[in-house]
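Structure first, then comments.
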Amino acid sequence: MSLKKLRNNPFQHFVGIEVIKLGNGKSLLQLELNDHHLNLYGIPHGGVHATLLDITMGTAASFPGSTEREVDSVTLNLSVDYISPPKTKLLISKGEITKKGKSICYCTGEIYDDEKNLVASGRSIFKLYDRKS
């Protein structure tokens, strides 16, 4: 998928996740929290963190360095560590490829609030597919 298609991802748009920077096996995304992201305790639902990390790491996997072609990725495994509730309403997520083969990619990710407090971290494995035009 092209960057334009990525930015028009229906679920990503529904949740409110925005792409800030992408490429070279890294990604930077953000999410402004609203009431519908919160659980009954008034903090972001764990699924919000998992979704943000999944999309952040998946986009890192799909947009490798300038010498490699873009690919599609599907999550095979996702692990999330919930560190602490955010102190602000803006979440910033960083993803990075840690190892990549021909068809499998390993990534790590971290979510911070905009005061640079670590909120969650994760690891994921993706199956890579040739990009369809």
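All of the numbers you see were taken from the coordinates with simple rules; none came from a lab. Here the structure is a predicted model, which means the values were calculated and not measured. Cβ sites come from the backbone with ideal geometry, for glycine too, and all protein chains shown count toward neighbours.
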Taking 8 Å as the Cα distance limit and 6 or more residues as the minimum spacing, I'd like the relative contact order of the range 14-109 as a percentage.
33
In the calculated pair distance distribution of the range 3-130, what percentage of Cα-Cα distances lie above 22 Å?
30
The range 55-112: GluC sites (Glu not before Pro) falling in loop per DSSP and having at most 12 other Cβ within 10 Å
GLU68
Among GLY95, ILE17, SER84, the residue whose Cα sits farthest towards the positive end of the charge dipole of the chain, when +1 is placed on the Cβ of each Lys and Arg and -1 on the Cβ of each Asp and Glu, is GLY95
